[in-house]
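The values are calculated or read from the model by the stated rules, or taken from the named source; none is laboratory data. Here the structure is a predicted model, which is why all the values come from computation and not from measurement. Cβ atoms come from the backbone with ideal geometry, glycine included; neighbour counts cover every protein chain shown. These area figures cover heavy atoms from the full protein model, side chains too; ligands, DNA and RNA do not enter into them. Shrake-Rupley method; radii C 1.70, N 1.55, O 1.52, S 1.80 Å.
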Amino acid sequence: MLWLAQAFLAIGLARAQSTYPNTIHPNGTIPGELNEAYSPPYYPSPWMDSSATGWAEAYEKAQAFVRQLTLLEKVNLTTGVGWEGEACVGNVGSIPRLGFQALCMQDSPLGVRFADYVSAFPAGGTIAASWDRGEFYRRGYEMGMEQRGKGIDVQLGPVVGPLGRNPKGGRNWEGFSPDPVLSGIAVAETVKGIQDAGVIACTKHYILNEQEHFRSPGTFEDFGFVDAISSNVDDKTLHELYLWPFADAVRAGTGSIMCSYNKANNSQVCQNSYLQNYILKGELGFQGFIMSDWDAQHSGVASTLAGLDMTMPGDTDFDSGYSFWGPNLTLSIINGTVPEWRLDDAATRIMAAYYFVGRDEAQIPTNFNSWSKDTYGYQHAFAKVGYGVINQHVDVRADHYQSIRVAAAKSTVLLKNSGVLPLKGTEKFTAVFGNDAGEGEHGPNGCADRGCDNGTLAMGWGSGTADFPYLITPLEAVKNEVSSNGGMLQSVTDNYAWSQIIALAKQASVAVVFVNADSGEGYITVDGNMGDRNNLTLWQGGEELVRNVSGYCNNTIVVIHSVGPVLVDSFYDSDNITAILWAGLPGQESGNAIADVLYGRVNPGGKLPFTIGTEVSEYGPDLIYEPTNGNNSPQDAFEEGVFIDYRAFDQKNITPVYEFGFGLSYTTFSYSDLKVVKVPAGNYTPTTGLTTAAPSLGNASTDPANYQWPSNLTYVDKYIYPYLNSTDLKEASNDRDYGVEHEYPEGATDGSPQPRIAAGGAPGGNPQLWDVLFTVTATVSNNGTLPGDEVAQLYISLGGPDDPVVALRNFDRLSIQPGQSATFTADITRRDLSNWDTASQNWVITDYSKTVHVGTSSRKLPLSATLEI
Ligand code: NOJ
């Protein structure tokens with residue numbers, strides 16, 4: 001099929017030739033092919049489905065809104081105004097005629113970035129350790145309320161990509177866990193929380209963005225230009241691992257999904273028709289809109305046809321003044337390259353998400369500015385235009401500090417306790433050690449986007465951050481505790497002041513050592529770590545500090561603040577180390593939360609959301625720190641398949657130091673009385689039939705004269721507008737190759753009814769995947785002397801040679817009084833028992849014998865039963 005097109009349209013279509021039929025191939029299922037994986041084309045881009053569960057009303061309202069729009073207004077709704085063009089990290093254009101304000105997109109997954117009077121919540125990877133659905137939801141809701149109060153439409157979070165393939169991945173801490181089920185449950189509750197607050201959640205980064213190095217094309221000091229890395233994954237791994245939590249987010253109704261910077265199977269994700277059209281909008285039935293990560297769009301028409309709905313921040317490069325969309329999108333509609341229904345669909349999806357979460361009732365004008373904390377400044381920061389009040393300093397924190405403290409304490413994991421904890425508060429001489437105990441010399445917000453590791457660590461660095469309103473340090477909280485009991489406390493917060501450290505350690509009856517390990521987003525390098533961690537060791541000589549203290553104090557407690565697993569093998573089994581706690585990245589109430597646990601006001605019930613091993617190689621393939629396969633096509637073969645984190649340890653029979661799901665309590669629990677009840681459910685039927693035809697919501701004039709710059713407009717420099725520069729389309733395109741013919745993927749513009757996808761049928765996938773096939777109960781008894789929480793965990797062995805030994809499928813956090821028992825109840829769904837079958841492109845329950853296990857961690861599963869399917 002030949003089309004008349006601008007040259008820019010062709011970028012990225014190179015691999016989407018019509019030589020591949022318009023059907024789905026299992027991608028690179030042969031491991032040997034992973035290095036040269038390709039992503040098959042899939043067109044057309046699915047339009048919204050009026051019958052999608054839960055979306056009918058939003059869809060109607062959105063259609064009614066979009067029907068009123070002109071072509072230019074639709075373009076405005078989908079195209080960002082450019083970096084630093086408006087108050088938020090991203091804004092699309094406004095629709096003044098209808099009084100519709102420019103939609104505001106703002107980081108982050110743990111609060112409101114770039115704003116004052118906001119809260120700093122525990123990071124995703126920390127709240128995951130609470131294994132508490134209620135905490136997931138509450139955190140989401142409170143973050144959503146803060147975003148709403150600042151006048152934000154879309155919160156750029158939560159994160160389930162990276163999932164955490166390798167523990168060194170710089171942004172893992174923004175997400176929840178390398179386990180897809182824990183991540184899936186956490187993301188679903190977070191999405192519901194955010195959206196119940198009337199703000200659109202943007203689940204990100206879709207997909208396979210598992211490292212920071214080479215995530216985007218760029219020039220590096222050591223290597224020169226390097227293209228974006230391609231994460232090459234097979235179809236089964238995609239479905240059973242990386243896509244799994246995205247399906248949960250879609251099922252929970254996420255209004256938006258951000259496509260990621262990287263390539264997947266050698267196609268840039270934001271123009272990958274297989275991943276966006278087929279998998280996300282087709283199979284998963286996603287009804288919201290796909291937004292690009294910031295400058296992750298690398299083509300115009302190619303990305304439009306491949307399902308992108310909104311470009312962020314709108315310009316080709318930050319402040320280039322050019323856009324792949326904006327005027328080019330206008331042009332592509334009037335010259336017929338892109339069918340109008342595709343733009344209508346993008347606009348409808350954006351507005352449907354808006355109505356779905358009730359923004360029509362929740363929206364207030366944006367009252368803060370990302371680019372300055374000053375009260376007065378420029379509305380358009382880059383152009384320095386529009387001087388006036390830009391910050392109203394609205395305090396949106398309410399009483400969230402209380403739940404932040406509770407959540408952080410509930411997410412603390414007790415790894416070792418010889419009986420010293422909880423402390424009584426009457427210890428004779430308490431000594432506190434570590435740079436991680438105290439305040440950084442420039443305060444908690446002293447480094448932009450938290451891009452340094454000074455003082456106690458309570459979040460990682462990069463765009464996944466918020467400014468701390470204050471940060472309670474462990475030192476001040478422990479000092480409060482001790483001083484209110486009339487005790488003695490001294491501290492050394494310089495990790496290298498060895499003589500002072502040793503002198504104090506000798507005096508102490510109890511020593512609490514705070515250590516950390518940091519990571520973040522790749523645009524900031526901290527201590528030689530370009531986002532990703534270079535290793536899994538503690539920072540600032542943490543191991544040495546622990547050894548120095550524990551060498552002289554036989555009652556040393558170690559508290560770890562870290563972005564993920566750290567190596568503890570050099571000290572964890574020392575007799576002088578009487579307790580170890582992992583406190584993650586707890587947010588603003590860090591010190592209070594750890595004091596609550598240390599002094600027993602909170603009995604720890606958190607469980608590790610990852611595995612702590614002895615060396616990094618145990619986790620599987622390393623990150624790619626130097627371009628493989630040449631600078632123009634770095635490749636990353638995900639050849640370990642679904643075997644990451646505990647699944648890798650189990651597969652290779654490696655004993656971890658602390659396994660996934662592990663965590664102690666000040667009391668003890670036992671498990672008994674497993675009961676499995678089979679629930680009658682019908683057979684699984686693949687979805688069949690056809691969609692409707694693409695609805696047409698407008699009939700834009702093709703006369704370029706209608707799209708010229710208005711004479712009365714005050715032009716803002718580098719701002720992205722939808723207007724054409726000329727009535728001559730070649731001139732308007734500013735493209736010397738305008739008019740050159742290109743081959744377009746088959747079916748890309750076809751608006752006729754399309755076959756429904758067998759594994760699809762509703763948001764999240766085929767609804768029968770959630771049929772309950774078994775219910776499981778077990779008794780959990782608290783046989784200690786203190787009330788406590790236990791996270792009962794349910795794992796399944798799917799039984800096949802390519803299946804993990806066990807895979808988490810469900811859990812519940814139970815509060816149990818001493819001497820009492822509680823009943824753990826969990827459903828096992830069809831999805832929980834299924835494998836992805838590449839041949840039928842659907843989920844199947846294999847003939848292998850399936851076993852359910854219940855217990856206290858991935859390796860302590862005292863109860864098991866075979867499932868009679
Ligand atoms: C790039 C990051 O990858 C993304 O997570 C963030 O939302 C945007 N920048 C905007 O800051």
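Taking all C-alpha pairs of the chain, those more than 41 Å from each other amount to 34 percent. As a rough guide to protection, the peptides 707-715, 226-234, 57-65 ranked by mean Cβ packing within 10 Å, highest first, stand as 226-234, 57-65, 707-715.
When the dipole is taken about the Cα centre of the stretch 607-743, and only Lys, Arg (+1) and Asp, Glu (-1) are charged at their Cβ, what size is it in debye, to the nearest 20?
800 debye
Scalar couplings 3J(HN,Hα) for the stretch 485-492, obtained by applying the Karplus form with A = 6.51, B = -1.76, C = 1.60 to θ = phi - 60°, are 9, x, x, 10, 8, 9, 9, 10 Hz; x denotes Gly and Pro. Taking Cα centre as origin and charging only the Cβ of basic (Lys, Arg, +1) and acidic (Asp, Glu, -1) residues, the dipole magnitude of the chain rounds to 1900 debye.
Taking only C-alpha pairs under 8 Å that are 6+ residues apart, what is the relative contact order of the stretch 820-869 in percent?
On the way: 42 pairs, mean separation 11.3, N = 50.
The value is 23 percent.
Annotation: average projected area of the stretch 676-820 is 20.8 square nanometres, based on the convex hull of Cα atoms across all directions. For the stretch 452-610, the solvent-accessible area works out to 29 Å² per residue, with a probe of 1.4 Å and every protein chain left in place. Calculated FRET efficiency, Asn734 to Phe220, Cβ-Cβ distance, R0 = 25 Å: about 0.25 to the nearest 0.05.
Dipole of the chain computed with +1 at Lys/Arg Cβ and -1 at Asp/Glu Cβ about the Cα centre; of Ala579, Ser39, Ala302, farthest Cα towards the positive end is Ala579.
Each peptide among 445-451, 743-749 gets the average number of other Cβ atoms lying within 10 Å of its residues, and from highest to lowest they stand as 743-749, 445-451.
Using 0.36 nm per residue and subtracting the Cα-Cα separation, the extra length available between Leu713 and Glu57 on full extension is 232.5 nm.
Given a 1.4 angstrom probe, I'd like the percentage of the accessible area of the chain that is carbon and sulfur, rounded to a whole number. With neighbouring chains kept in place, the figure for the chain is 49 percent.
By the Cβ distance rule (another cysteine Cβ under 4.7 Å), the unpaired cysteines of the chain are Cys202, Cys553. Take every DSSP beta bridge whose two residues both sit in the chain; close to 60 percent of them are antiparallel. Spin-label pair Thr655-Thr614: with each label point 7 Å from Cα along the Cα-Cβ axis, the two points sit 0.9 nm from one another.
About its Cα centre, what dipole magnitude does the stretch 737-814 give when the only charges are +1 on Lys and Arg Cβ and -1 on Asp and Glu Cβ, stated in debye to the nearest 20?
620 debye
At what distance in angstrom do the alpha carbon centres of the stretch 449-465 and the stretch 514-534 lie from each other? Using only Cα atoms to place each centre, the spacing works out to 9 Å. Ranking Gly462, Phe514, Leu489 by how far each Cα lies toward the positive end of the dipole of the stretch 445-543 (charges on Cβ) leaves Leu489 at the top. For the stretch 632-774, the solvent-accessible area with a 1.4 angstrom probe is 49 square angstrom per residue. Mean sequence separation of contacting Cα pairs (under 8 Å, at least six apart), scaled by the length of the chain, corresponds to a relative contact order of 18 percent.
A full extension of the chain between Asp827 and Asp673 corresponds to an added length of 53.8 nm, given 0.36 nm per residue minus the alpha carbon distance.
Take every DSSP beta bridge whose two residues both sit in the stretch 110-238; close to 50 percent of them are antiparallel. Computed from the C-beta positions of Ser50 and Glu626, the FRET efficiency with R₀ = 45 Å rounds to 0.35. Straight-line cross-link reach from Lys506 at under 22 Å between alpha-carbon atoms covers these lysines, not counting any fewer than eight positions away in the same chain: Lys424, Lys428, Lys479. Each residue of the stretch 500-507 was assigned a 3J(HN,Hα) from its phi angle through the Karplus expression (A = 6.51, B = -1.76, C = 1.60, θ = phi - 60°), giving 5, 4, 5, 4, 6, 4, 5, 7 Hz with x at Gly and Pro. Highest average first, the peptides 646-652, 70-76, 306-312 ordered by how many other beta carbon atoms sit within 10 Å of their residues are 306-312, 70-76, 646-652. Shown here is the pair-distance distribution of the stretch 598-665: with all Cα-Cα distances grouped in 10 Å bins from zero up to the longest one, the shares run 18, 34, 25, 16, 5, 2 percent.
Determine the alpha carbon to alpha carbon distance for each of Lys678/Lys850; Lys150/Lys718; Lys416/Lys607; Lys150/Lys204 and list only those over 19 Å.
Lys150/Lys718; Lys150/Lys204
For helix 133-149, report the angle its Cα long axis makes with the longest principal axis of the Cα atoms of the chain; keep it between 0 and 90° and round to the nearest 10°. Taking Cα atoms only, the helix is inclined about 50 degrees.
Counting 0.36 nm for each residue step from Asn554 to Asn535 and taking away their Cα separation leaves a gain of 4.0 nm.
Between Asp395 and Glu361, the simple spin-label model (points 7 angstrom out along Cα→Cβ) gives 2.8 nm. Distance from the C-alpha centroid of the stretch 113-178 to that of the stretch 652-668: 25 Å, rounded to the whole angstrom.
Excluding ligands, DNA and RNA, the accessible surface per residue across the stretch 201-323 is 17 Å² with a 1.4 Å probe.
Since only Gly255, Ala228, Leu243 are under comparison, the one whose Cα sits farthest along the positive direction of the charge dipole of the stretch 216-260, derived from C-beta charges on Lys, Arg, Asp and Glu, is Gly255. Rounded to the nearest Hz, the phi-derived 3J(HN,Hα) couplings of the stretch 251-258 under the Karplus curve 6.51 cos²θ - 1.76 cosθ + 1.60 (θ = phi - 60°) are 4, 6, x, 3, x, 8, 9, 9, where x marks glycine and proline. What is the helix-to-structure angle for 400-410, meaning the angle in degrees between its Cα long axis and the longest Cα principal axis of the chain, kept from 0 to 90 and rounded to the nearest 10? Between helix and principal axis, roughly 60 degrees.
With Cα atoms defining each centre, the stretch 282-337 and the stretch 695-721 are spaced 17 Å apart in the structure. One quarter of the convex hull surface built on the alpha carbon atoms of the stretch 39-178 amounts to 12.0 nm², the projected area averaged over directions.
Ellipticity at 222 nm from helices only: DSSP H runs of n ≥ 4 in the chain, each -39500 (n - 2.57), divided by the residue count, give -5500 deg cm²/dmol. May I ask you to derive the FRET efficiency for Ile869 and Gln402 from their Cβ-Cβ distance with R0 = 41 Å, giving the value to the nearest 0.05? For Ile869 and Gln402, the calculated efficiency is 0.35.
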